[in-house]
2 protein chains.
Amino acid sequence: MSSITTRLFAVRNESPGAGPARAGRFATAHGEVLTPAFMPVGTQGTVKGITPEQLREIGPQVILGNTYHLGLRPGDGLVARLGGLHRFMGWDGPILTDSGGFQVFSLASLRKMTEEGVTFQSHVDGSPQFLSPERSLEIQRNLGSDICMALDECPPGRLERPKLEESMARTTRWLARSRAVPLRTHQGLFAINQGGTHLDLRRRHLAEALELDAKTPFQGFAVGGLSVGEPKEAMNAVLAEFVRELPAERPRYLMGVGTPEDLLFGIEQGVDLFDCVLPSREARHGRILTSRGKLNLKNARHREADLPLDPDCGCYTCRTFSRAYLHHLFRCGELLAFTLNTIHNLSYTVGLTRAARQALLEDRFPAFAQTARAGWMTEEP
Amino acid sequence: MSSITTRLFAVRNESPGAGPARAGRFATAHGEVLTPAFMPVGTQGTVKGITPEQLREIGPQVILGNTYHLGLRPGDGLVARLGGLHRFMGWDGPILTDSGGFQVFSLASLRKMTEEGVTFQSHVDGSPQFLSPERSLEIQRNLGSDICMALDECPPGRLERPKLEESMARTTRWLARSRAVPLRTHQGLFAINQGGTHLDLRRRHLAEALELDAKTPFQGFAVGGLSVGEPKEAMNAVLAEFVRELPAERPRYLMGVGTPEDLLFGIEQGVDLFDCVLPSREARHGRILTSRGKLNLKNARHREADLPLDPDCGCYTCRTFSRAYLHHLFRCGELLAFTLNTIHNLSYTVGLTRAARQALLEDRFPAFAQTARAGWMTEEP
């Protein structure tokens with residue numbers, strides 16, 4: 001057992017190529033994770049509109065659970081008493097839980113920050129709540145996720161530099177407190193790097209995390225605070241310089257990203273893990289991701305179209321239904337529209353990272369990326 | 001081919017028992033139908049919230065499509081051009097389409113009846129529409145369903161007798177016109193019997209249908225105009241006398257019924273086919289049908305219940321999830337709650353008719369019915 005345990009989360013890079021992009025794999029107690037991988041978001045213990053059986057066919061390597069939401073409802077104690085989040089939601093693959101910080105800063109009201117943590121009002125029932133580094137990890141320990149995230153302060157995208165530095169200093173102090181919290185043996189803790197689009201701040205923040213890491217290692221490193229309203233070029237400039245400086249033998253996770261274009265760019269910089277609500281949220285709005293670019297299912301030109309959403313896709317939706325049928329369901333507001341569109345958008349996104357991995361293994365990634373980008377330029381997919 | 005065609009819809013009674021209840025089977029171009037059978041309703045070309053793959057596991061013998069809804073949106077011409085309803089919605093088993101009459105009388109506004117048919121305003125876009133016996137069957141021919149229903153006038157439950165007789169006379173004239181409409185070779189036409197709770201009117205109406213039948217046979221007979229607000233005892237009294245008088249070698253279909261109790265009573269009287277939105281609609285409201293009676297998923301006592309909705313059920317929902325999880329999903333308004341509850345309620349209802357069939361084949365139906373009824377009396381299922 002201990003030999004397996006020590007191997008958990010250690011990334012083996014399998015790419016023959018020399019660039020920063022990598023095809024990796026690492027072990028968790030709920031199975032190996034093949035990277036690069038896109039992780040669908042299961043906010044309240046369900047990827048919206050999708051059964052675990054359908055999710056298994058889509059084939060994500062990891063899914064996300066939400067500490068803020070699940071801690072409030074049904075409550076992490078209840079989930080623990082029922083055997084943990086895996087059993088509760090019927091998913092036996094790896095689960096990553098976020099820290100809850102992002103939701104406290106975006107959903108909760110009457111927020112009050114102190115050094116100890118943040119008090120806020122629940123968006124569900126208005127009850128007073130408290131989140132701290134310790135409480136966040138207590139929730140994640142109760143949920144029993146494989147990958148836990150340390151609570152960070154989530155500064156807004158365009159915060160001025162002195163305020164941002166203050167916020168980062170607090171995040172570092174919180175990171176030290178997080179590292180001291182005992183987790184279950186199968187759980188790994190990821191540190192989150194902040195610093196906005198300032199490369200020097202990112203580096204300084206990473207150096208602080210690596211000091212803590214030298215005493216007790218983190219199991220992975222996440223890049224947070226991007227894709228939060230800053231210009232795309234600024235985000236990409238940071239990623240291009242910074243991702244390769246993260247420890248190579250640990251998973252690298254770019255939080256809250258994103259579009260197919262962003263995923264491809266992130267992979268090129270050496271990112272292993274991504275998560276975003278975009279594919280599933282877009283699906284519920286009838287916006288479909290395809291190898292030929294984005295398609296609006298509401299458009300009248302799909303009314304009688306006897307072809308799949310994406311002729312290059314092998315998902316259940318594309319194997320079974322025409323655009324005409326899906327257009328009809330969406331126009332009628334039928335529940336099945338949400339499910340079938342989500343199956344496709346998640347299959348497309350997960351499939352994109354899987355295909356990128358295959359291209360990396362076969363040392364033909366630049367050609368793959370070029371073909372993918374050319375496809376997205378198609379007019380009227 | 002012709003030998004198969006002539007056998008379509010002819011009921012073979014396989015029950016060894018002598019009572020009116022029967023286990024039958026009849027052929028359609030899309031497969032044999034084993035009866036008694038509950039037919040889930042797929043109003044707009046989808047059983048709400050359920051994929052055809054999930055539906056296949058639930059295992060209904062026939063599903064319903066809705067002539068009124070599909071004729072308005074996406075339009076029967078479009079469905080025909082895309083290869084018919086089976087292909088459009090991805091369901092290759094038998095499909096029954098209703099006549100559209102019930103929806104015209106319950107959903108449409110500015111309704112005007114003439115001998116020719118009924119003009120009304122579409123509930124979708126307010127456009128003027130016209131439905132007649134001929135137009136109803138034209139839509140059903142375009143949809144390509146296996147079983148077509150003749151358009152009837154749907155009188156309200158407590159209509160006074162002279163008005164009811166007038167309405168029935170029109171339905172008979174419409175039935176003659178329906179019989180004259182050519183259908184596709186795989187399609188069968190069912191006649192609908194009206195007469196409210198008046199046994200003598202039901203018999204007279206049946207005699208009129210049988211006169212038409214003598215010239216060109218109908219492929220089945222439906223009992224309409226029940227379960228529309230009349231006292232349950234009055235409905236049951238009619239069923240107890242009347243169902244056995246319907247031609248034995250043709251399928252007998254009790255329209256718009258119903259609850260598990262109603263299904264069992266109908267089967268006892270010799271009904272073969274049932275349809276109702278009740279199981280799927282109740283599911284979406286968190287009301288769960290079980291072998292131990294009805295269960296309200298919203299109830300706080302399920303908050304931490306680590307047991308399936310129905311311990312006697314083998315459906316995907318019951319195999320995979322606890323009441324606590326389903327309670328959580330439902331409280332959060334998650335889409336998956338609707339899907340999983342619907343899978344269970346339909347599995348339970350379809351399973352009830354399947355178990356009744358097995359009991360009939362094994363000549364132990366009275367004991368089966370007694371056990372089922374005793375189960376439904378359980379307090380706090």
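Observations, loosely collected:
- A:Glu160-A:Glu380 FRET efficiency (beta carbon distance; Förster radius 41 Å; 0.05 resolution): 0.40
- Scaling against 2.2 N^0.38 Å puts the C-alpha radius of gyration of the protein assembly as shown at 1.11.
- In chain A, the longest principal axis of the Cα atoms and the axis of helix A:232-242 are about 60 degrees apart.
- GNM flexibility winner over chain B from B:Leu143, B:Leu263, B:Leu307 (Cα, springs under 10 Å): B:Leu307
- Carbon/sulfur fraction of accessible area - the protein assembly as shown, other protein chains in place, 1.4 Å, %: 52
- Cα centroid separation - the stretch B:170-190 against the stretch B:344-358, whole Å: 31
- When the P(r) is computed for chain B, the part past 31 Å accounts for 36% of the Cα-Cα pairs.
- Relative intensity, log₁₀ I(q)/I(0), of the stretch A:184-328 from a Debye sum that treats every alpha carbon as a point, q = 0.13, 0.19, 0.21 Å⁻¹: -0.69, -1.05, -1.19
- Threshold 50 Å² - residues in the stretch A:34-61 whose accessible area is reduced by that much or more when the chain is no longer isolated, probe 1.4 Å: A:Gln44, A:Thr46, A:Thr51, A:Glu53
- Among the lysines of chain A, pairs at least eight places apart or on separate chains and with Cα atoms under 27 Å apart come to 5.
- Heavy atoms of A:Cys313 accessible to a 1.4 Å probe, total area in Å² rounded to 10: 30
- For the stretch B:283-375, the fraction of C-alpha pairs more than 16 angstrom apart is 54%.
- For the segment B:87-94, counting C-beta atoms of other chains within 10 Å of every residue's C-beta and taking the mean gives 3.
- Difference of contour (0.36 nm per residue) and Cα-Cα distance, A:Ala367 to A:His123: 83.2 nm
- Inter-centroid distance (Cα atoms) of the stretch B:241-305 relative to the stretch A:40-118, Å: 37
- Solvent exposure of B:Tyr68, expressed as accessible area, is near 10 Å², computed with a probe of 1.4 Å over the protein chains only.
- Ranking of B:Met113, B:Met89 by solvent-accessible surface, largest first: B:Met113, B:Met89 (1.4 Å probe, protein heavy atoms only, all chains present).
- Average beta carbon contacts from partner chains per residue of B:328-339, 10 Å cutoff: 6
- Heavy-atom surface of chain A, accessible at 1.4 Å and reported per residue (Å²): 38
- When the residues B:Lys163, B:Lys232 are ordered by accessible surface, computed with a 1.4 Å probe over the protein chains alone, the sequence from largest down reads B:Lys163, B:Lys232.
- Measuring nothing but how far apart in sequence close Cα pairs (under 8 Å, 6+ apart) lie, relative to its length, chain A scores a relative contact order of 18 percent.
- For B:Val62, the accessible area of its heavy atoms, probed at 1.4 Å with every protein chain present, is near 0 square angstrom.
- Label geometry 7 Å along the beta-carbon vector: B:Gly19 inter-copy distances in nm: 7.4
- Structural descriptor for the stretch A:1-157: relative contact order 19 percent, calculated from alpha carbon pairs under 8 angstrom and at least 6 residues apart.
- A simple spin-label model places the labels of B:Lys232 and B:Arg184 4.1 nm from each other, with each point 7 Å out along Cα-to-Cβ.
- Largest accessible area first, the listed residues A:Lys48, A:Lys294 line up as A:Lys294, A:Lys48 when surface is computed with a 1.4 Å probe on the assembled protein chains.
- Put simply, the amide H of B:Ile192, placed in the peptide plane, has neighbours under 5 Å in B:Ala150, B:Ala222, leaving out anything fewer than 5 places away on its chain.
- Between A and B, roughly 3600 Å² of accessible area is buried in total, ligands, DNA and RNA not counted and the probe set to 1.4 Å.
- Estimated from the Cβ-Cβ distance and a Förster radius of 22 angstrom, the FRET efficiency linking B:Glu116 and B:Ala80 is about 0.35.
- When peptides B:95-108, B:214-227, A:19-32, B:339-352 are sorted by average Cβ neighbour count within 10 Å, with the highest value leading, the order is B:339-352, B:95-108, B:214-227, A:19-32.
- Computed E for B:Ala355/B:Arg244 - FRET, C-beta separation, R0 25 angstrom, nearest 0.05: 0.65
- Shielding by partners, peptide A:72-78 (average Cβ within 10 angstrom, other chains): 3
The values are calculated or read from the model by the stated rules, or taken from the named source; none is laboratory data. Just so it is clear, the structure is predicted and the values come from calculations on it, not from any experiment. Every residue, glycine among them, receives a Cβ derived from its backbone with ideal geometry; neighbour counts consider all protein chains shown. The area values use the complete protein model at the heavy-atom level, side chains included, leaving out ligands, DNA and RNA. Shrake-Rupley method; radii C 1.70, N 1.55, O 1.52, S 1.80 Å.
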